[in-house]
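S.K.: First the structure, which I've put down as structure tokens, then a few questions once you've had a look.
FYI, it's all coordinate maths here, none of it is from the lab. Since the model is a prediction, treat every value here as computed from it, not as a measurement. Don't worry about glycine lacking a Cβ; one is built from the backbone with ideal geometry, like all the others, and counts go over all protein chains shown.
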Amino acid sequence: MRRLKNASFIWGLEATGDVLLMFLYRHLQTAGLHLPRVFGGAEPHRPGMERQTSLATAFLSPGPSATAAFRTAATENNTEKACVDIPADLRLCHNVGYKRMVLPNLLEHETMAEVKQQASSWVPLLNKNCHIGTQVFLCSLFAPVCLDRPIYPCRWLCEAVRDSCEPVMQFFGFYWPEMLKCDKFPEGDVCIAMTPPNATEASKPQGTTVCPPCDNELKSEAIIEHLCASEFALRMKIKEVKKENGDKKIVPKKKKPLKLGPIKKKELKKLVLYLKNGADCPCHQLDNLSHHFLIMGRKVKSQYLLTAIHKWDKKNKEFKTFMKKMKNHECPTFQSVFK
């Protein structure tokens, strides 16, 4: 039935000569963007068609005309909109499939600096591959495509990403943030999706069974990003690892602070770390405790949670690059999206 409805919709556009809209519809389908309802089947040309046609023009040609449209448009609070290039260092979205985005974005971030910092909080989660639609969902909000009206992610996509990724987030002491509550997003209006809502593959987690804080890419840029997203960082040796109340309890032996954050110096001596919900998942770094480790984490209530662990390996090229960058790198200081 869905296929017939889509075919009828395209036929209606061809019959009425709305070529740009037809191209937009097909382009969105090819890109994996879902249009569950645009017009009724018996009334393909209704008031507002002119606005939809200009939307198609902006999507297909996000160049001077789209840029001019956004610069002259204003939001309710009179903040001017602009269509700008997605910078290479916006790692969450720089390879999402389109090259230009709207500022302010749909999360009301007004500057690129703010977008980069807030988006960087999500890069570690993206690297966990907890859901195939995570990047599309997040970038539709952090770096929305240049159109003359906002297009939000579909509610079902939000729910699928949330249900797959929140269990991973809980390893890091995070929960799905209020700003991304799924009931804020549309069910029946034009919306962005990864695949049709009845596709089962999109909701299957793609990651491994390794404890998420232990499953990290050994790339200098990724380590730096995780360092900035963490509240504290330590170089340490580990005395022992125990299971406690569903967590892994990590007792340090020697430790050197690289970033203290919420840890007070007097607490260092008796510091204990926890790998949240990690009692029964493997963490290969902890199989051999003879090494020094780079440990990053955050404080949640009274516990210090481990959010990333790497072997301190000076012979590794990427780790050596990280150590050089760490000496001069300044992390952004905007407030985190997580509470």
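S.K.: Over 29 Å between Cα atoms: which of 299/324; 266/317; 128/324 fall into that group?
M.R.: On the way: 299/324 27 Å; 266/317 35 Å; 128/324 26 Å.
From the list (299/324; 266/317; 128/324), the Cα-Cα distance tops 29 Å for 266/317.
S.K.: Please list, in chain and number order, the residues 5+ apart from residue 307 or on another chain whose amide H is under 5 Å from its amide H, with Hs placed from the backbone.
M.R.: The list, which skips near neighbours in sequence, is 296, 297, 298.
S.K.: Based on alpha-carbon atoms only, what is the radius of gyration of region 212-327 relative to the globular estimate 2.2 N^0.38 Å? Don't skip to the answer; put the middle values down first.
M.R.: Numbers: Rg = 13.3 Å, N = 116, 2.2 N^0.38 = 13.4 Å.
Normalised Cα radius of gyration, region 212-327: 0.99.
S.K.: Packing-wise, with mean Cβ within 10 Å as the measure, how do 122-130, 317-325, 185-193 rank, highest first?
M.R.: Values: 122-130: 20.4, 317-325: 14.7, 185-193: 18.1.
The packing order, highest mean first, is 122-130, 185-193, 317-325.
S.K.: Quick one: of 239/259; 248/325; 237/259; 181/219; 237/327, which pairs are farther than 27 Å apart, Cα to Cα? Before the final figure, lay out each step's value.
M.R.: Details: 239/259 21 Å; 248/325 31 Å; 237/259 16 Å; 181/219 32 Å; 237/327 21 Å.
In this structure, 248/325; 181/219 lie more than 27 Å apart at Cα.
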